[in-house]
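Some notes on the structure that comes next.
The values are calculated or read from the model by the stated rules, or taken from the named source; none is laboratory data. Keep in mind it's a predicted model, so treat the numbers as computed, not measured. Glycine also receives a Cβ, built like all others from the backbone with ideal geometry; neighbour counts cover every protein chain displayed.
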Amino acid sequence: MDRISKLPPGIIETVLCLLPIQEAARTSILSKEWRYDWTKIPKLVFIEEDAFEVSTDGDDLSVLEQTFDRPSERKMMTNRCKLFYAIYQVLLVHEGPINEFTLCMPVDGSCVEIDHIIRHLSKKNTVKILKLDFNGSYRLPLSLFSFHQLTELYLNGCVLDHQPSSIGFGSLTTLNMQEIWTCDKTLLRLLSSCPLLKRLTINSDGGTIDESGDLTMADLFECLQGIEYLTVWCFIFLSFLPFPRKLPTTLVHLKYLCMECVCFCHIYALPIFVILIRSSPNLEKLKLVVTEDEVLDESYMGSSTLEDYSDISSEHLNELEILHLRNYENGLVFLKLILAKSPVLKKVKISLWDQLAKDEKFQISKILFSSPCASPVRKIIVS
């Protein structure tokens, strides 16, 4: 018997999990001992771009490949058909729990094959990490909300328009949503059903969040009292007007805040930042990603001064990062404000917009290095 076959089952399982599923299935031809090992791996990853190639030599076919009857059929099947067929066959012969499941493919609208896959996994009720990356607008089925063991959920290119009577996400600690089509009420219904949520990412750029008109920013953060790491598309907050001066719920656990698609010249930009800083007394790292397109209607333009926010402080902030900063007044006001109000700030990293003129870059750098700092910043990086 070879040395690999003598390895403990747990190590063999780990090795098989590192292989693409079609390669893991091919290990069934190695020996009788290996024939069914691949059917027990707890991590399944299916990506349409992966070539589900099949051998034409019948003696070398794995259990998975033998499900295709003739070489001509194997050759004519499209990648998508191969993918769905492979998933069905893997789920049919799989033994034991499936702890992690990933499906990545472009989908627009409904897809009954994916609906069946999600329904099957929800009935198995062992999945802890679910990643659905569709890069389109796939309408999620109701069965998604029956994954009672989920701890991590990643959604990309999905339509979320259900408001089920019950959502089984009581164990969810990580929720990552990219390019999501939903409404504010559905979003809050989902977040309020995740009492253990620690990490949240919401990026609706490419998607949309419809407004009902009767929910506020305070309602949103009432669902996020235990959040520790928050990454959010800045303009999502425009769905939750009006803004309070300070949130009624203090985000005492929030340590990391990343705001994407920041537009400093927008009239609501600085108020949003200040509200969150006022309500996050233990914030340690703040990251802002400035949008490349800051051309807005003049009715959304606004400016502020340091005096408008002189009462804020960030006692625990030790790292600040701003990407693609431009020479806008509000952006520089905010930068000076943070420097002046963060007594333990240790690292500042500023990445300037690459299309800025040299004199503009010099001006921003001069402001940064000459502005009063509440702490002796140990490391300042301007690029």
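Numbers at a glance
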item: Qualifying residue in the stretch 103-122 (condition: crowded, with 17+ Cβ neighbours inside 10 Å, part of a strand (DSSP E or B), touching a residue at least 12 places away in the same chain (Cβ under 8 Å) and among the charged types (D, E, K, R)); result: no
item: Within the stretch 123-170, tally of residues that are of a type in the set (D, E, K, R) and part of a strand (DSSP E or B); result: 4
item: Neighbours by Cβ (under 9 Å, 6+ apart or cross-chain): first from the stretch 358-382, more than 19 Å from SER314 (Cβ to Cβ); second among the small types (Gly, Ala, Ser); result: ILE364/GLY331; ILE381/SER351; VAL382/SER351; VAL382/SER365
item: Test: residue in the stretch 205-219 that is crowded, with 19+ Cβ neighbours inside 10 Å, under 19 Å from the mean Cα position of the chain (by Cα) and modelled with pLDDT of 80 or more; result: no
item: TYR154, sole failed condition from (1) crowded, with 19+ Cβ neighbours inside 10 Å; (2) hydroxyl-bearing (Ser, Thr, Tyr); (3) within 24 Å of VAL289 (Cα to Cα); result: (1)
item: So ASP184, is it crowded, with 18+ Cβ neighbours inside 10 Å, closer than 24 Å to PHE46 by Cβ and among the acidic types (Asp, Glu); result: no
item: Sole exception among (1) touching a helix residue (DSSP H, G or I) at 6+ places or on another chain (Cβ under 8 Å); (2) hydroxyl-bearing (Ser, Thr, Tyr); (3) closer than 21 Å to LEU197 by Cα for THR102, by number; result: (1)
item: Among the candidates LYS379, LYS366, LYS346, residue that is under 32 Å from the mean Cα position of the chain (by Cα) and either farther than 13 Å from LEU320 by Cα or surrounded by 14 or more Cβ atoms within 10 Å (Cβ to Cβ) (or both); result: LYS346
item: When residues of the stretch 134-151 are limited to those that are under 16 Å from the mean Cα position of the chain (by Cα) and buried (at least 20 other Cβ atoms within 10 Å of the Cβ), the one nearest to ASN99 (Cα to Cα); result: LEU150
